[in-house]
There are 2 protein chains.
Amino acid sequence: MIIDCHGHYTTSPRQHEAWRQEQIAAHKEGRSAPPRPAISDDEIRASIEGGQLKLQQERGTDLTIFSPRAAGMGHHLGDASTSEAWATACNELIHRVCTLFPRNFAGVCMLPQSAGVSPRNCIAELERCVNQYGFVGCNLNPDPSGGYWQDPPLGDRYWYPLYEKMVELDVPAMIHVSMACNPAFHTTGSHYLNGDTAAFNQCMTSNLFKDFPGLKFIIPHGGGAVPYHWGRFRGLAQDMKLPPLPELLLHNVFFDTCVYHLPGQELLAKVIPADNILFASEMIGAVRGVDPETGYAFDDTKRYVEQLPLSAGDRQKIYEGNARRVYPRLPARLAAVG
Amino acid sequence: MIIDCHGHYTTSPRQHEAWRQEQIAAHKEGRSAPPRPAISDDEIRASIEGGQLKLQQERGTDLTIFSPRAAGMGHHLGDASTSEAWATACNELIHRVCTLFPRNFAGVCMLPQSAGVSPRNCIAELERCVNQYGFVGCNLNPDPSGGYWQDPPLGDRYWYPLYEKMVELDVPAMIHVSMACNPAFHTTGSHYLNGDTAAFNQCMTSNLFKDFPGLKFIIPHGGGAVPYHWGRFRGLAQDMKLPPLPELLLHNVFFDTCVYHLPGQELLAKVIPADNILFASEMIGAVRGVDPETGYAFDDTKRYVEQLPLSAGDRQKIYEGNARRVYPRLPARLAAVG
């Protein structure tokens, strides 16, 4: 079984994102948001069958751990109440996808974050999504300001109420920024990768996993710059008299395989233990074209993983075993849907 | 000849950085800064002979392109006038090092940047350092706010007056952030690497090198996350209908080899053409320890480069040829000192 741990609903029916525009416009003008649009099951089916499901089948993957469009989370827009309404709407749509295609998608929720608003505010929506919808994880944005980095780092006690709930519910978080509103950053280029690198470094210099030994983070996009600079991070940790990185972080931190060329994938598999790598493609997402050097889609990451010199056991971990372990609610969900 | 294009004066005599503390304290209290401290040639010699020069000799490199301590630039501290006084002091010290050890060090200046102050303000100091001191380049900070990213991206016309002067003087810039004052970032971990990745992406999405075909940037720390995600950047450029990255950027953008483990160096050499890689170690800098996996210093980058499957011609480019080309004033300086 091949589990893709990183997919977003980037193909949702048009009226969903249109409502978001109206919601934010209304908020700016001090009006109430319009009622949510009707979206039929057929529209949802069409948006998936022609998109993610088609690519799953073409590429030979089985299940996508599926969450709302990451750039669309837009935690810098509006306020806590608009974030709550938007998160609720997005998560409900994910639930509908997972209900219509239970063998192909398992849900992960976005959180109703807002810059400067306590993450405590996210607990109710997380509980709802896990307990009512059967979601298996959440996406946590380490920079709800959208590129100005105004919230405390992930190791700060500011985030602890949310972590307590995550541990209680036994769900991990993918640490994933959203759209950059700072013109210094390109959303899917520098901002995503920088968010990953910053998040890893924040974990490294904190007591987070001492305080929450059961907390699990997936750092997407192959871990940002981290595996490429694994020697730098090993050396920095050593200079800071920290334990070696495997001991300090690798019980809790995992990297996905959203790296869009073979040399990058080779590096990832060379420096990060197979126990800490989860297969993912971020499809349909940041990069949508065909690589002229290979003739295949950049984000068809299975093609790279197939070429890595992995043992059968390690490949199974990357494709399936690690996901079942990092998302502890996933096995029961898979068993339930057959 | 082996040229290390990235060294900072991290070992300067104590009174130099002590004066900086006093200068900033005085600025906060509205007082004038105290007079600059006396620093003898013997003190400078000692700071270099026991540090960078010793390591050059031990490691078998010949010349370091040498600039003020990067984290110490602190463009977020004080204002334009404190930045000017500090840059002047730091650059003068670099000049004294290069005068005392002309065959071992060539100078690169820091610029008197301040968040929100036009880069036009840096022109006089750049001219002074190039014309009076014989410096061969400058360090340009893309985020003088220290991690809040408040200045326009590097492709913005805001920076053009400085670029015009760089092209006129025929000097490149290493794009190098300084200390992070934002608690979200670790200075030499995430902030440096994120600055590199952001700078590359800013260049990619701008008309910068159309407007300045002769402008040259060195992206340090192996290019941040960029080579590891070269497929992602190739794909993003293609999706944006931009020319291929080699055509778009590689006449103007170069990466150094400050990557502190062999797998990272292998990746760099695999995906970036040899014409665009400059040998560097960042010594004595971010990582100072010995890698227990190899028994050698993490930042002894020559040991990694020696192990790469490079042709003699490519190795010569990386060690020497590219530096002579990217720093066009370097050959004359080298000839002058024999």
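What follows is calculated from the coordinates using simple rules that are stated; it is not laboratory data. This one's a predicted model, so the numbers in the text were calculated from it and none came from an experiment. Reconstructed Cβ throughout: ideal geometry from the backbone, glycine too, with neighbour counts over all protein chains shown.
Table for the structure above
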quantity	calculated
Condition met for residue A:22 (over 19 Å from the mean Cα position of the chain (by Cα), part of a helix (DSSP H, G or I) and acidic (Asp, Glu))	yes
Filter pass, residue A:236 being surrounded by 24 or more Cβ atoms within 10 Å (Cβ to Cβ) and at the interface with another protein chain (Cβ under 8 Å from one of its Cβ atoms)	yes
Meets criteria (facing another protein chain (nearest Cβ under 9 Å), surrounded by fewer than 18 Cβ atoms within 10 Å (Cβ to Cβ) and not acidic (Asp, Glu)) for residue A:244	yes
Total residues in region A:288-309, condition under 17 Å from residue A:223 (Cα atoms) and within 10 Å of chain B (Cβ to nearest Cβ)	3
Subset of region B:119-169 [of a type in the set (Phe, Trp, Tyr) and either away from every other protein chain (no Cβ under 14 Å) or free of Cβ contacts under 8 Å to residues at least 12 places away in the same chain (or both)]	B:133, B:135, B:160, B:163
Scan of region A:153-186 for residues that are farther than 19 Å from residue A:257 by Cα and of a type in the set (Val, Ile, Thr), ordered by number	A:167, A:171
Test: residue B:262 is within 10 Å of chain A (Cβ to nearest Cβ) and either over 18 Å from the mean Cα position of the chain (by Cα) or buried (at least 22 other Cβ atoms within 10 Å of the Cβ) (or both)	yes
Some residue of region A:318-332 being buried (at least 19 other Cβ atoms within 10 Å of the Cβ) and under 30 Å from residue B:187 (Cβ atoms)	no
Any hit, region A:278-286, residues being within 12 Å of chain B (Cβ to nearest Cβ), acidic (Asp, Glu) and closer than 28 Å to residue A:102 by Cα	yes
Residue satisfying all of: in region B:210-228; in a helix (DSSP H, G or I) and buried (at least 22 other Cβ atoms within 10 Å of the Cβ); farthest from the other protein chains (Cβ to nearest Cβ) among these	B:223
